[in-house]
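Asks: Would you mind keeping the following structure in view while I ask a few things?
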Amino acid sequence: MAGNVALTVNGRAVNVAVAHDDTPLLDVLRNELRLTGTRFGCGLEQCGCCTVLIDGKPEKSCTRPVSSVAGRSVTTVEGLGTPEHPHPLQQAFLEEQAGQCGYCLSGILISAKALLDRNPAPTRPEIARALDDNLCRCGTHNRIIRAVEKAAARMREARHA
C-alpha cells in the first residue's frame, strides 16, 4: 500500500512517499533521501553494511520496512560529522587508516558510535563484540579496534575538559 512516512533523519524531520509500506528503510535512505553512505551489502541483515541508529540503537536497514520507523529517529553515517568537522570516530579511523576499500565502514562507524554512547570506556573484547555483526573483507580489524579505542579516549578527555 502506498503512503507517506514521517520520520526524523539525522536530526531533520522528513516525510517520504513510498509505493509500499514494506519498502526497506535502506532504499528510502539511499534513493529518496540521497544518503548514500549507508550501503547495501547482503540484503539479509548479515554483513552490517546497512547499519543505522534507530532511536540510538544499531539496526540493520536493508530489510527493515520504512513503515516500522514512522515517527522515530534515524541516524546514518552522514549524521555523525562533516568533512570539516568529523566525529571523533571518523577522525580516528582516518588517522589509524582503518579502512581500505571503505565499503563496510559506515556500518562499523555506526555500531562503534552506539557502543561509545552506552559505554565510554570499552575494553578490546567489548569493542570486538560490538562490531561482531559488521563484516570487513579487507582485514583491517586491528586498525578498526585501535581507532575505536582512540576515539573513546578522546571523547572521554573532551568530556572532562
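What follows draws every value from the coordinates through simple rules; no lab data is involved. Since the structure is predicted, the reported quantities are computational estimates derived from the model, not experimental observations. Positions of Cβ are backbone-derived with ideal geometry, glycine not excepted, and every protein chain shown enters the neighbour counts.
Asks: In what sequence, highest mean first, do 55-66, 7-18 appear when ranked by Cβ atoms within 10 angstrom?
Replies: Answer by packing, highest mean first, reads 55-66, 7-18.
Asks: Okay, next question. Along the principal axes of its C-alpha atoms, what lengths does the chain span, in descending order and rounded to whole Å?
Replies: The Cα atoms of the chain stretch 47, 35, 27 Å along their principal axes.
Asks: Which whole number in µm²/s is D for the stretch 1-67 by Stokes-Einstein, with the Kirkwood Rh taken over Cα pairs at 25 °C and 0.890 mPa s?
Replies: Rounded to a whole number, D works out at 205 µm²/s.
Asks: Where both partners of a DSSP beta bridge lie in the chain, what percent of those bridges are antiparallel, to the nearest 5?
Replies: Percentage antiparallel, nearest 5: 90.
Asks: How many angstrom lie between the Cα centre of the stretch 1-71 and the Cα centre of the stretch 96-161?
Replies: The distance from the Cα centre of the stretch 1-71 to that of the stretch 96-161 comes to 23 Å.
Asks: Still on this structure, please answer the following. Output needed for the stretch 88-160: three equivalent-ellipsoid semi-axes, defined as square roots of 5 times the C-alpha gyration tensor eigenvalues, in descending order, whole Å.
Replies: Largest first, the stretch 88-160 gives 19, 13, 10 Å.
Asks: How high is the relative contact order of the chain, given as a whole-number percent (alpha carbon pairs under 8 Å, six or more residues apart)?
Replies: It rounds to 22 percent for the chain.
Asks: Can you tell me which of 71-78, 109-116 comes out highest on packing, and rank the rest after it, using the mean Cβ neighbours within 10 Å?
Replies: Sorting 71-78, 109-116 by mean packing, highest first, produces 109-116, 71-78.
Asks: Charges only on Cβ, +1 for Lys and Arg, -1 for Asp and Glu: so what's the dipole of the chain about the Cα centre, in debye to the nearest 20?
Replies: 360
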